Each structure stands twice: as structure tokens, then as C-alpha cells.
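Here's the structure we're looking at; comments come further down.
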Amino acid sequence: MVKKEFEDGDIKIVIDYEKCTGAGECVTACPVDIFELIEGKAVANNVSECIECCACVSACPNDAIEHSSC
Ligand code: SF4
Ligand code: SF4
């Protein structure tokens, strides 16, 4: 299981790269542009700017995103 954690303060976003297919729904869904695709996989940047809206978790069709607040 290949997972990567992106953490800042109380917020932790975990992306499961066995599930992520890189279609980028999270990139589109996030209102503060936390996600980008690198080599076909989602990564989370600037996690401190996350507003904990949970849109990314809802948008991912593969349940690849875990969020500490959602
Ligand atoms: S929405 Fe899910 S599957 Fe699609 S790029 Fe984001 S994490 Fe990967
Ligand atoms: S919870 Fe909302 S603001 Fe935070 S990364 Fe997900 S979509 Fe972006």
C-alpha cells in the first residue's frame, strides 16, 4: 500500500497511490487549489491553506483521499 501524507498543523491529507488514477477531480474540486497532478498522481501543496470543506474527499471517485477533518 503506497500512501503519502501531507500535513500541516492539525490537518492531514493522505493520498493512496494505489487508488489514485490521476484524473484530477480533486484538482478541480478544491476551492483553494491545494492539489496538483505530478506524473499522473495527485499531490497536496500548501496544506495550511485548506479550509476543511471536504470537497476533495467527495470528488474523488476512487476513495483515494483521506482527510483528518472529513
Ligand atoms: S480525485 Fe482521486 S483519483 Fe483523481 S487525481 Fe484526485 S486523488 Fe487521484
Ligand atoms: S478539504 Fe477542501 S480546501 Fe481542503 S484540500 Fe480538500 S477540497 Fe481543498
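What follows is calculated from the coordinates using simple rules that are stated; it is not laboratory data. Since the model is a prediction, treat every value here as computed from it, not as a measurement. Neighbour counts are summed over all protein chains in view; Cβ atoms, including those assigned to glycine, are modelled from backbone coordinates with ideal geometry.
So here's what we get for this one:
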| quantity | calculated |
| --- | --- |
| Filtered residues of the stretch 2-22 (kept if acidic (Asp, Glu), within 13 Å of ligand 2 (Cβ to nearest atom) and out of contact with any helix residue (DSSP H, G or I) (no Cβ under 7 Å at 6 or more places or on another chain)) | Asp10 |
| Within the stretch 1-56, strands (runs of 3 or more DSSP E) holding 1 or more residues that are near ligand 1 (Cβ under 10 Å from one of its atoms), β-branched (Val, Ile, Thr) and surrounded by 12 or more Cβ atoms within 10 Å (Cβ to Cβ) | 11-16, 41-44 |
| For Ser69: the one exception among (1) assigned to a loop (DSSP other than H, G, I, E, B); (2) touching a Gly at 6+ places or on another chain (Cβ under 7 Å) | (2) |
